[in-house]
Amino acid sequence: MKSFFVTGIDTGVGKTVFTAALANLMRQSGIDVGVMKPFATGMTRNHTIQSEDVELLVKYSGSVDNQNLINPYFFSIPTSPFMAAKKLGKTIDVDVVLSIFEKLQSKHNVMLVEGIGGIMTPIMRDYFVADLIKDLNLETILVSGTKMGSVNHALLTINVCKKYGIKIVGFVLSETDADGYSLDDLESNLTSLSGIDVLCKFPNSQNPVEDASKILKQNNILSRL
């Protein structure tokens with residue numbers, strides 16, 4: 001099975017829930033899956049793992065890899081890596097990320113790499129999430145929320161992928177806004193306008209990762225990747 005990069009059309013659309021759910025299903029199916037979130041930002045937490053997103057990936061993948069490999073860069077400011085590094089006086093070396101990915105990929109049958117924000121979130125001044133996907137040579141899964149404007153953001157994301165030569169595996173739709181699109185209407189819009197399949201749809205849930213894992217299994221997602 002291939003490795004994949006999970007990106008979103010925006011921030012807060014459910015990338016981590018989907019990535020953790022897919023890792024969970026793979027692990028339950030006997031697949032040796034590794035996880036990586038190269039860049040994470042947010043307030044420092046009083047936990048062994050500083051990033052809540054990374055903690056979820058580790059929990060549901062069952063990963064025992066070193067945290068510094070799973071998440072090479074954590075910045076304690078909830079903004080883009082570019083701005084966070086600038087404000088904190090830190091330097092980002094993308095070659096470090098690429099080297100770590102190769103190391104993890106050699107240890108696991110499948111790697112799931114989760115991005116940060118949307119596809120044009122800046123990592124450095126002239127280097128964006130799209131550049132990282134391209135350099136990792138991975139196909140991408142696009143996660144979309146349901147707030148109004150999602151179709152616009154999705155189509156813009158598709159255009160960026162075309163520009164960079166990034167192959168899109170499909171869409172994952174996550175109900176993030178009760179006042180936005182219905183999941184069915186959003187699916188109809190995106191498939192009609194883009195011709196890209198929707199792999200699965202996640203309604204709002206109190207147990208998002210567990211419920212998403214069940215939906216992925218019901219949709220036979222592993223045979224479609």
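Tabulated values for the structure
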read-out: Enumeration of residues in region 160-199 that are touching a residue at least 60 places away in the same chain (Cβ under 8 Å) and among the hydrophobic types (A, V, I, L, M, F, W, C); value: 169, 172
read-out: Where a residue in region 57-79 is free of Cβ contacts under 8 Å to residues at least 60 places away in the same chain and its partner, wherever it lies, is among the aromatic types (Phe, Trp, Tyr), with Cβ under 6 Å and at least six apart; value: 73/39
read-out: Residue, modelled with the lowest pLDDT, within region 39-70, restricted to residues that are over 22 Å from residue 124 (Cα atoms), aliphatic (A, V, I, L, M) and buried (at least 17 other Cβ atoms within 10 Å of the Cβ); value: 49
read-out: Checking residue 18 against (1) buried (at least 24 other Cβ atoms within 10 Å of the Cβ); (2) out of contact with any Leu (no Cβ under 8 Å at 6 or more places or on another chain); (3) farther than 23 Å from residue 107 by Cα, the condition it does not meet; value: (3)
read-out: Among the candidates 2, 15, 87, residue that is farther than 28 Å from residue 151 by Cβ and of a type in the set (Lys, Arg); value: 87
read-out: Which listed residue is within 30 Å of residue 127 (Cα to Cα), of a type in the set (Val, Ile, Thr), in contact with a Leu (Cβ under 9 Å, 6 or more places away or on another chain) and at pLDDT 95 or above, from 151, 160; value: 151
read-out: Single residue of region 154-172 satisfying the filter (within 16 Å of the chain's Cα centre (by Cα) and not β-branched (Val, Ile, Thr)) that is nearest to residue 202 (Cα to Cα); value: 171
read-out: Candidates 104, 136, 142, 112, filtered to the one that is over 22 Å from residue 56 (Cα atoms), touching a helix residue (DSSP H, G or I) at 6+ places or on another chain (Cβ under 9 Å) and in contact (Cβ under 8 Å) with a residue 40 or more places away in the chain; value: 136
read-out: Selection from region 69-90 of residues that are in a helix (DSSP H, G or I), of a type outside the set (A, V, I, L, M, F, W, C) and within 30 Å of residue 25 (Cβ to Cβ); value: 81
read-out: Segments classed as strands (runs of 3 or more DSSP E), wholly inside region 1-68, with at least 1 members that are farther than 28 Å from residue 183 by Cα and of a type in the set (A, V, I, L, M, F, W, C); value: 33-36, 39-41
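A quick yes/no check of all residues on (1) modelled with pLDDT of 95 or more; (2) more than 25 Å from residue 29 (Cβ to Cβ); (3) surrounded by 21 or more Cβ atoms within 10 Å (Cβ to Cβ):
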| residue | (1), (2), (3) |
| --- | --- |
| 92 | yes, yes, no |
| 101 | yes, no, yes |
| 104 | yes, no, no |
| 119 | yes, yes, yes |
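The values are calculated or read from the model by the stated rules, or taken from the named source; none is laboratory data. What you see is a predicted model; the values in this text were computed from it and never measured. No Cβ is skipped: glycine too gets one built from the backbone with ideal geometry, and neighbour counts run over all protein chains shown.
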